[in-house]
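Contents: one structure, followed by commentary.
Bear in mind these aren't lab numbers, they're just calculated from the coordinates by the rules spelled out. Small disclaimer: the values here were computed from a predicted structure and weren't measured. All Cβ positions, glycine included, derive from the backbone under ideal geometry; neighbour counts span all protein chains shown.
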Amino acid sequence: MLNTKDTKNEYIARPPIVTIMGHVDHGKTSILDSIRKTNIADKEYGGITQHIGAYQIERNSQKITFIDTPGHEAFAQMRARGGRAADIVVLVVAADEGVKPQTKEAISHAKAASVPIIVAINKIDKAGANVQKVKQELASENILVEDWGGDILCIEMSAKTGEGLDKLLDAILLVSEMNQIKGNPDTDLEAVIIESRLDRKRGVVVSCVIRNGTLKVGQKVVASNIDCKVRSLTDDKGNNLSEAGPSCPVEILGFRAVPHVGDIIIELGSELAELAIEENRVEIIGQESKKTVAIVLKTDTEGTLEAVKGSLARLVTSSVEATYAIKFLLCGTGDITETDIALAQSAKGVVLGFDVKVSPKVMDIAEEAKIIVKTYKTIYELTEDAEKLLQGVAIQEESKIKGRAQVIKIFKLPSGDIVAGCKVIAGVLKVGVKTSVYDKNPADLTEEDRPLFTGSIKSLKKGKDEVNVVGRDNECGVLFKSQYEDIASGMWLEVR
Ligand code: GDP
């Protein structure tokens, strides 16, 4: 891609992103609270702070970002999704209790993610505090602090009295320098989601810390395959920002659905996005040497996703004539989004959906990008189209279908009128519009096929209501201006 910027290789030191882990009640929250309280460099904001899942403090004109949602669950999720949010883990151990199961868990998480550890032995103010015992226990977990011959920094402290807090911050800055934590505001965006939720008033609220690049209001980004046009950015002090750079914690509004914690936010269409496609998403069914049909597959649930993928795989392996293999650009759940279109566009593919929706806006984007988007209600129809694709036959674009319905039942009214009870399969049926009746699916029509009847629609009824238009997936009663006596169930209506 041609978005290479000259300054892309210029990495500079950025504030470390720190997470605090340890056993329950050992003082994680207390430490985070006292650090925030005593180091707020934002007295000018009247001390108004906002919980956005992370905050930034200043110590000797150097900044540190703390993720303040302590918990191993979040960390594990972040690690599982490949997003290493934190640069440094502060391992909290209560001086009176020592190493406990969650201490060990935290150690293994940090080690697995190769994140440097700093030990904070907390609650040294307590009567039962025994720092030496804690160090010994840590040594048996292979955490060797300095006076045990290791190189792990260990701070003895008390969140209650505040003793040692400054030392902890200095240790963080030191480890940050030793590990050369760097970032680049000019490179591709990479931000890790630390919290995400749906707020009834504000919509989807996502908190993230930026590891690289710059996040801007108005930018189009994507995470968990959910796209977002950044509507607003707010920092931990409640300031509205127009942009945010490396190590900044920010809250984003604008996501269309709730993305996963730990997922990475990237810019739509960036090199990273392309890389993500190549590395994680592409899955090929069939012989790689064959020509491939690139498909973005979206379904309503994980269960159906597996089922549909299964049928497509069978199709590829059983169909001898198939000259193509299937290359899944993405298999996911949820409605079809702009991102799906962008993905399909990047590989000249199609977007197929099973029991999912496509908004008219996304449909417009698809049309503009000349990407075929089709959704299905039965696996049979989907595999039928997939088979066509595998044989190199183009499938009919849904957006081009003005209106198509199938006759389900015929009603003869006392007045003599014949009403065709129909289900709209694609497009819309409209009052006054010329509509043809066929005895086969209009999708399979050849040049020679002629309609059995053509007439304009006099009225449409949805339930008991007279309506002017009936959209896809709805059932309705259709009355033609002039009667077609032979209309029967199983026939098709097509608006041309
Ligand atoms: P977390 O579960 O690890 O987040 O632990 P908390 O921060 O909620 O602390 C658990 C309890 O220990 C609370 O009652 C705190 O007030 C208390 N606590 C935390 N740090 C200290 C400390 O340094 N000294 C003493 N005496 N109590 C502390």
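Some points to look at:
- Axis of helix 101-112 versus longest Cα principal axis of the chain: the two differ by about 70°, to the nearest ten degrees.
- Segment 359-381 versus segment 429-458: alpha-carbon centroid distance in Å: 23
- Computed over segment 190-276: relative contact order in percent, which uses C-alpha pairs under 8 Å that are six or more apart: 36
- As a length-normalised measure over Cα pairs under 8 Å and 6 or more apart, the relative contact order of the chain settles at 10 percent.
- Sorting H51, H23 from the fewest to the most surrounding beta carbons within 10 angstrom yields H51, H23.
- Percent of Cα pairs exceeding the 21 Å cut-off, where the set is segment 403-495: 20
- Segment 92-251: relative contact order as a whole-number percent, Cα under 8 Å and 6+ apart: 15
- Bridge type composition, the chain - antiparallel percent by DSSP, nearest 5: 65
- Averaging 1/r over every pair of different alpha carbons in the chain and inverting the result gives a Kirkwood radius of 26.6 Å.
- Bridging of K409 to aspartates and glutamates at a Cα separation below 15 Å is possible for D417, D439, E475, E485, D486, once same-chain residues fewer than 8 apart are set aside.
- Rg over Rh [alpha-carbon atoms, Kirkwood Rh] for segment 284-397: 0.94
- Stretching the chain fully between T454 and D486 yields a gain of 10.3 nm (0.36 nm per residue, less the alpha carbon separation).
- Nearest-ten-degree value, helix 360-369 long axis tilted from longest Cα axis of the chain: 90
- Cα→Cβ-extended label distance, 7 Å offset, between K104 and K167, nm: 2.8
- Calculated P(r) of segment 190-276 - Cα pairs past 16 Å, %: 44
- 27 Å Cα-Cα threshold exceeded, pairs from K220/K370; K28/K63; K111/K309; K111/K229; K111/K298; K220/K348: K111/K309; K111/K229; K111/K298
- Helical contribution to [θ] at 222 nm, DSSP H n ≥ 4, -39,500 (n - 2.57), averaged over the chain, rounded to 500: -6500 deg cm²/dmol
- Normalised by residue number, the volume inside the convex hull of the Cα atoms of segment 11-183 is 116 Å³ per residue.
- Principal-axis tilt of helix 379-390 within the chain, Cα atoms, nearest 10 degrees: 90
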